[in-house]
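Readers should treat all values here as calculations from the given coordinates under stated rules, not as data from a laboratory. If you're wondering where the values come from, they're calculated on a predicted model, not measured in any experiment. Note that each Cβ is placed from the backbone with ideal geometry, even for glycine, and that neighbours are counted across all protein chains shown.
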Amino acid sequence: MTEIDFQYKLVELQDKLLRFAYTLTSDIDDARDLLQDTFLKALKYRDKFIQNENFKAWTYTIMKNTFINNYRRSVRYNSYSDQTKEGYFINYIHASGADIPDSIYSSKEIEKIIENLDDNFKIPFKMHNEGFKYKEIAEKLDMNIGTIKSRIFFSKKN
């Protein structure tokens, strides 16, 4: 494929690639940046494209991998490394939100709803919230694990 044909095919895919980029980023400006990065990489690595392969799939793969690499890079740069003696900032207790009056009201309401559940639903639900696994709950209550799962599911739904 000649360089002009390559560029022509790339421009033909621009609208589809932009839509795909938007589905990945959910932001039009980030999608345009991702499209530009994809075009640059496709042009840079044009010699890596194997003739008679699916050009569209090749460019979509470049875009997807570029997005993943950018995401990983942003996560790595946004992670925090506490350099204080004995990890002061990592061990610092932040307000959990449980002290806010709205939170107290919500937790009381939730507890009230849980207490109003039938025992067949309340007991498995409470055990699950305490950290028991489905299998452990089923063994302790001498019930089928599917029954336990469904009762916990319906308890959450209420």
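Stretching the chain fully between Asp30 and Leu18 yields a gain of 3.3 nm (0.36 nm per residue, less the alpha carbon separation). Taking a straight Cα-Cα cut-off under 30 Å and skipping sequence neighbours fewer than 8 places away in the same chain, the lysines within cross-link reach of Lys64 are Lys9, Lys16, Lys41, Lys44, Lys48, Lys56. Between Lys140 and Phe49, the simple spin-label model (points 7 angstrom out along Cα→Cβ) gives 6.1 nm. Cross-link partners for Lys126 among the lysines, with Cα-Cα distance under 24 Å and sequence neighbours closer than 8 places in the same chain left out: Lys108, Lys112, Lys135, Lys140, Lys149, Lys156, Lys157. The length gained by stretching the chain between Ala57 and Lys9 to full extension, at 0.36 nm per residue less their Cα-Cα distance, is 16.1 nm.
With a Förster radius of 25 Å applied to the C-beta separation of Lys149 and Glu111, the computed FRET efficiency comes to 0.65.
With a Förster radius of 41 Å applied to the beta-carbon distance between Ile68 and Thr2, the computed FRET efficiency rounds to 0.85.
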